[in-house]
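Below is one structure, written out as structure tokens, with a few remarks after it.
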Amino acid sequence: MTGMLRVDVAIIGGGLVGTSAALSLATSGLSVALLDKGFCGAQASGVNYGGVRRQGRPPEQLPLSQRAHAIWPELAKKIGIDGEFSRSGHLKLAQSEADMAALEAYAKAVAGHGLSLELIGHNGLRERFGWISGSIVGASFCSGDGHANPRLVSAGFATAARRAGVQVFEQMPVENFTAIGGGFALETATGLSVRASQVVNCAGAWADRFAALAGEPVPLSRIYPSMIVTEPLEPLLTVNIGMEGGGIYARQVERGNCIVGGERGVALDDPDFSRPTAEGATSIMNRTAAYFPALAHAQAIRFWSGTEAAMPDRNPVLGLSATTPGLIHAFGFTGAGFQLAPGVGEVIADLVRSGDTETPIDAFSIRRFLPVANKARTEQGSSAVPSTEPQKTGVPS
Amino acid sequence: MRAAPLIVGAGPAGIRAAMTLVAAGLRPVVVDEAPACGGQIYRQPLIPDGRTPAGRYGSEAAKAMRLHTEFAELRDRIDYRPGTLVWNLALGVAHLTRDGKSDSIAHDGLILATGAMDRVLPVPGWTLPGVFSLGGAQIALKAQGAAIGRRVVFLGSGPLLYLVAWQYLKAGVNVVAVLDTAPFTAKLRLAAGLLLDPRTLLLGLRYAAELRLAGVPIRFGVEKPEINGDGRVDSIGWAEAGRVGHLACDAVAFGLGLKPEAQLAELAGCAFVFSERDRVYVPLRDRAGRSSVSGVYVAGDGAGIMGADAAEAAGERAALALIEDRGLAFDAGRARQLESALKRLSRFRDVMAAAFPFPHDWRIADDTTLCRCEEITAGEARAAIAQFGIREINRLKAVSRIGMGRCQGRLCSGAAAELLAQETGQGIDAAGRLRGQAPVKPVPLSLMDRISEVAE
Ligand SMILES: Cc1cc2nc3c(=O)[nH]c(=O)nc-3n(C[C@H](O)[C@H](O)[C@H](O)COP(=O)(O)OP(=O)(O)OC[C@H]3O[C@@H](n4cnc5c(N)ncnc54)[C@H](O)[C@@H]3O)c2cc1C
Ligand SMILES: Cc1cc2nc3c(=O)[nH]c(=O)nc-3n(C[C@H](O)[C@H](O)[C@H](O)COP(=O)(O)OP(=O)(O)OC[C@H]3O[C@@H](n4cnc5c(N)ncnc54)[C@H](O)[C@@H]3O)c2cc1C
């Protein structure tokens with residue numbers, strides 16, 4: 001497709017971040033073009049584990065996470081489907097007394113954020129969650145968290161955005177953008193060019209390229225969390241399971257399949273795609289069988305992985321560009337952006353409309369990665385916050 | 001010391017490949033899921049059933065016996081692992097499972113001779129007990145010595161349709177009818193095959209003639225088949241040149257040709273191309289069977305449907321390529337000879353494809369199950385395509401769960417691609433193909449890992 005299109009906002013990337021921002025912007029009357037190099041929701045947003053959890057996030061993410069939390073139960077109203085969202089609760093397991101102490105410390109640290117965490121001891125676990133192996137020492141329960149179906153949620157947001165009037169262009173990679181006279185010109189691989197007053201860079205694991213184009217190189221790396229899924233089984237996992245210190249995370253979907261994640265996969269020759277290793281997948285399967293003995297004889301029918309952008313401090317980049325007025329960055333969710341995305345979309349819409357948002361996002365400014373010389377010139381230069389995320393291995397759940 | 005080459009599949013292609021590698025002084029590992037060698041066509045019975053090879057393999061008995069014997073003679077010179085599934089491939093390593101145990105083998109050179117499976121398109125009633133794939137009906141007879149019913153209807157297209165019907169007839173089963181979805185005029189194309197492979201062609205004609213002589217009705221241009229029954233097949237209905245037909249039966253064998261089992265080629269990273277003839281994506285290969293990945297070779301029906309004789313030739317040719325690529329002496333004259341035989345057989349396959357065409361305009365009714373594992377109907381698939389504006393098969397899977405069940409789309413992805421192509425007015429090639437992932441077949445969570453290295 002060639003030609004030229006003029007819009008208020010151009011969005012690079014049709015993942016959940018891009019589509020939820022697009023939907024929010026179109027609903028408030030702006031003209032929006034959304035461009036994806038492949039299909040909307042075909043990358044991280046559509047293939048992730050599906051954990052919708054606040055528990056375990058560093059405190060600086062919690063206000064944003066709470067904003068998203070309010071949207072999840074409203075999906076049916078917002079996008080026409082509920083995306084199989086279930087407020088099942090998120091149970092984080094401790095394998096040792098040290099793990100349990102870490103869970104207690106976390107509960108104290110986030111006490112003011114309204115997560116209502118409940119610490120459960122060994123006996124409590126045996127009574128309420130008897131299907132969990134007796135080797136687990138205790139757990140922390142967040143009853144307001146849950147899980148949802150990423151395939152449906154991501155496709156649902158894209159479809160709702162289209163219905164709200166967003167012009168969605170799939171299989172149309174953005175190759176370049178330049179700032180011209182108070183706006184931007186975007187060039188695509190197929191020849192279509194887009195003129196927009198503002199641009200949102202939410203190209204997921206590919207967003208570093210666009211940040212660099214704006215003179216803001218970032219230390220983005222790619223991670224490939226590994227997943228396995230079983231055949232459909234009788235109901236067993238009543239909650240979304242995570243583990244202190246990493247390990248595996250597991251949930252059971254409406255259809256009955258158990259999805260278990262953990263470990264990291266490897267990129268294929270085409271680095272946009274990845275695959276779990278056999279050793280990694282076997283380890284996930286064996287641990288699942290150990291923690292949930294009733295699943296020992298269940299069969300795994302498929303493994304998969306996805307491509308996700310990770311930042312060294314495990315916080316996303318979210319906010320205005322430090323170099324280019326009219327450019328907004330939103331990427332680098334480091335394995336935990338599924339839950340956040342609907343909130344991030346609203347924050348982006350705030351930033352487009354007013355240049356500001358009430359949700360605290362200073363910790364996510366791209367300025368934290370600017371060279372020190374540049375940083376000194378900016379007043380928020382010290383906002384980089386070291387991660388307090390207790391899940392050391394950086395697994396999403 | 002270099003590791004040994006690995007051959008997956010001990011059908012005609014894999015057996016010939018093994019013999020060729022052994023003749024060159026190599027000691028390949030041969031892995032096959034089946035408990036005994038022979039592959040699909042020359043499959044051996046699970047337990048002796050008193051039948052002679054001629055009774056079991058008919059006209060192909062001599063070939064079957066020869067391959068079985070020659071493979072048995074290799075026993076001490078190969079590392080043969082029957083009853084073992086290759087469930088994953090990574091660079092230079094294959095992951096195997098047998099009896100719930102996992103094992104991995106480092107290898108240098110990989111020949112994929114994984115064969116084919118039946119291709120089916122859903123028809124009303126196709127999930128009823130008593131409906132089998134054509135190949136499945138034949139395997140029941142070959143490996144178990146059992147028929148799928150007492151009064152059997154054979155439905156579909158492809159040479160196997162007549163072959164299996166004839167085999168059932170010879171086994172004393174009441175063959176109620178052969179319902180060929182291709183028009184009779186398509187069969188006139190067979191004349192062109194007479195020079196290319198007269199033996200196979202004449203055998204096929206003989207099967208049809210003997211079926212007729214035995215009074216079995218053969219119908220052409222069969223459309224809109226509908227399998228009926230309450231809890232089990234009791235009859236089949238169809239349309240034919242404006243008329244309708246109906247017959248009572250207790251089993252239906254149904255197939256529309258074959259499709260390659262190419263998951264391992266995908267896990268090996270091989271590039272795929274769309275094959276017009278097979279209507280699916282097949283691994284890209286050169287005339288010798290080299291895939292796009294160095295050290296990985298594809299041979300036999302797993303690389304594109306060509307039949308058993310071609311599988312033998314392709315297995316040998318691929319092995320010669322491996323030998324050449326390993327820097328060992330190989331017989332270039334023999335390689336050329338095999339290539340020209342394969343070329344001729346490929347032209348014969350073109351003729352067969354014209355004589356037994358795939359029913360392009362087949363419309364799957366909305367209430368017919370499309371994905372059997374996940375119980376998704378064609379209507380639900382159409383609704384998902386419309387609701388989410390889907391044009392590509394992996395997206396269709398994402399929003400509808402088609403191909404997400406136990407079989408991971410092995411059974412239904414062809415039909416789903418046909419339906420998606422119809423709904424969006426694009427070619428089936430544009431619908432794409434489902435991305436493959438391990439495991440090739442389900443594996444237990446308690447799978448234990450045990451690492452072993454195999455060296456020459
Ligand atoms: C396997 C896996 C499991 C996960 N589990 C969880 C979980 O349980 N809970 C949780 O909260 N988070 C989880 N995450 C993280 C979460 O999925 C991501 O953080 C989130 O989906 C990011 O959304 P996004 O829109 O930024 O990225 P994406 O969904 O990756 O979207 C980016 C889009 O940009 C497009 N794009 C790239 N380059 C271009 C270009 N040049 N032009 C146009 N478009 C372009 C891509 O095609 C893509 O569609 C997981 C991630 C993975 C991979
Ligand atoms: C059910 C069926 C019946 C058939 N009957 C006939 C017939 O009667 N006449 C005829 O001319 N043609 C028949 N065919 C066509 C048949 O494909 C070819 O004639 C011939 O068998 C092809 O030889 P091959 O060596 O390529 O593959 P095959 O003979 O199919 O051998 C492939 C072997 O690979 C093994 N294998 C595949 N994947 C794996 C894995 N992941 N791990 C371990 N082992 C694996 C299989 O167990 C199999 O033994 C039939 C096909 C099918 C599917």
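Could you sort out which of B:Lys63/B:Lys441; B:Lys187/B:Lys259; B:Lys63/B:Lys343 sit more than 27 Å apart by Cα distance in this structure?
On the way: B:Lys63/B:Lys441 30 Å; B:Lys187/B:Lys259 21 Å; B:Lys63/B:Lys343 21 Å.
As for pairs spanning more than 27 Å Cα to Cα, those are B:Lys63/B:Lys441.
Between the helical axis of B:134-144 and the dominant principal axis of chain B, each derived from Cα atoms, what acute angle in degrees is found, rounded to the nearest 10?
In chain B, helix B:134-144 runs at an angle near 60 degrees to the longest axis.
What list do you get for B:Ile323, A:Ile81 if you sort them by fewest beta carbons within 10 Å? Provide the component values of the computation, followed by the final result.
Numbers: B:Ile323 22, A:Ile81 18.
Arranged by neighbour count, lowest to highest, B:Ile323, A:Ile81 become A:Ile81, B:Ile323.
Excluding same-chain residues fewer than 8 positions from A:Lys92, which aspartates and glutamates have a Cα within less than 18 Å of its Cα?
The reachable aspartates and glutamates, counting only those whose Cα sits under 18 Å from A:Lys92, are A:Glu104, A:Glu118, A:Glu127, A:Asp145, A:Glu244, A:Glu263, A:Glu389.
Starting from the amide H of B:Leu370, placed 1.01 Å from N in the peptide plane, find each other amide H under 5 Å away whose residue is 5 or more places distant or on another chain.
For B:Leu370, whose amide H was placed from the backbone, the distant partners under 5 Å are B:Ile376, B:Thr377, B:Ala378.
May I ask you to derive the FRET efficiency for A:Thr27 and A:Ala109 from their Cβ-Cβ distance with R0 = 41 Å, giving the value to the nearest 0.05? The partial results should precede the final answer.
Working: r = 36 Å, r/R0 = 0.88.
In this case the efficiency is close to 0.70.
Which angle from 0 to 90°, rounded to the nearest 10, does the C-alpha axis of helix A:278-291 make with the longest principal axis of chain A?
50
Per residue of region A:238-246, what does 6.51 cos²θ - 1.76 cosθ + 1.60 with θ = phi - 60° give for ³J(HN,Hα)? Whole Hz please, x for Gly and Pro, Karplus curve as stated.
3J(HN,Hα) across region A:238-246, in whole Hz: 7, 10, 7, 9, x, 9, 4, x, x.
Dipole of chain A, Cα-centred, from +1 at each Lys and Arg C-beta and -1 at each Asp and Glu C-beta, to the nearest 20 debye? Don't skip to the answer; put the middle values down first.
Details: 32 positive and 35 negative charges, 49 e Å.
That gives a dipole near 240 debye.
Given R₀ = 41 Å, what would the calculated FRET efficiency be for A:Ser135 paired with A:Asp350, taking r from the Cβ atoms and rounding to 0.05?
0.30
Would you work out which of B:Leu190, B:Ala137, B:Leu163 lies farthest towards the positive end of the dipole of chain B, given +1 charges on the beta-carbon of Lys and Arg and -1 on that of Asp and Glu, about the Cα centre?
Value computed over the given set: B:Leu190.
Counting only residues 5 or more places away or on other chains, whose amide H sits under 5 Å from the amide H of A:Gln171 once H atoms are built in the peptide plane?
A:Asp36, A:Gly38, A:Phe39
Which one, A:Ser226, B:Ala416, B:Phe388, is farthest towards the positive end of the dipole of the protein assembly as shown when Lys and Arg carry +1 and Asp and Glu -1 on their Cβ?
Working it through, the farthest residue towards the positive pole turns out to be B:Ala416.
So what's the angle, to the nearest 10 degrees on a 0 to 90 scale, between helix A:337-354 and the longest Cα principal axis of chain A?
Taking the Cα atoms of chain A, the angle to A:337-354 is about 30 degrees.
How far apart, in nm, are the 7 Å Cα→Cβ label points at A:Ala267 and B:Val244?
It works out to 6.0 nm between the two label points.
Along region B:385-391, what does the Karplus equation 6.51 cos²θ - 1.76 cosθ + 1.60 (θ = phi - 60°) give for ³J(HN,Hα), rounded to whole Hz, x for Gly and Pro?
4, 6, 4, 9, x, 7, 10
Report, in debye and to the nearest 20, how large the dipole of chain B comes out about its Cα centre when Lys and Arg carry +1 and Asp and Glu carry -1 on their Cβ.
Computed about the Cα centre, the dipole is about 640 debye.
Counting other Cβ atoms within 10 Å, which trypsin sites (Lys or Arg not before Pro) in region B:47-93 have at most 14 and lie in a DSSP loop?
B:Arg51
Mind sorting A:His147, B:His68 by how few other Cβ atoms lie within 10 Å of their own Cβ, fewest first? Mind showing how you got there, number by number?
Values: A:His147 30, B:His68 18.
With the fewest neighbours first, A:His147, B:His68 line up as B:His68, A:His147.
Would you calculate the separation in nanometres between label points at A:Glu118 and B:Ser294, each defined as 7 Å from the Cα along the Cα-to-beta-carbon direction?
Between A:Glu118 and B:Ser294, the simple spin-label model gives 6.1 nm.
In whole Hz and in residue order, list the ³J(HN,Hα) couplings for region A:258-263 that follow from phi through the Karplus curve 6.51 cos²θ - 1.76 cosθ + 1.60, θ = phi - 60°; x for Gly and Pro.
So the Karplus estimates, Gly and Pro as x, are 9, 10, 10, x, x, 6 Hz.
Tell me which residues come under 5 Å, amide H to amide H, from B:Ala116 once H is placed; ignore anything under 5 positions away on its chain.
B:Glu261
Percent relative contact order of chain B, based on C-alpha pairs within less than 8 angstrom and at least six residues apart?
The value is 20 percent.
I'd like the FRET efficiency for A:Glu127 and B:Arg372, computed as 1/(1 + (r/R0)^6) with the beta carbon distance as r and R0 of 45 Å, rounded to 0.05.
E between A:Glu127 and B:Arg372, to the nearest 0.05, is 0.65.
With a point put 7 Å past each Cα toward its Cβ, work out how far B:Lys101 is from B:Leu205 in nm, to one decimal.
Reported label-point gap for B:Lys101 and B:Leu205 is 5.5 nm.
Every number in this text was worked out from the coordinates using simple rules, so none of it is lab data. All values reported here derive from a predicted model rather than from experimental measurement. Positions of Cβ are generated from backbone atoms using ideal geometry, with glycine treated the same way; all protein chains shown enter the neighbour counts.
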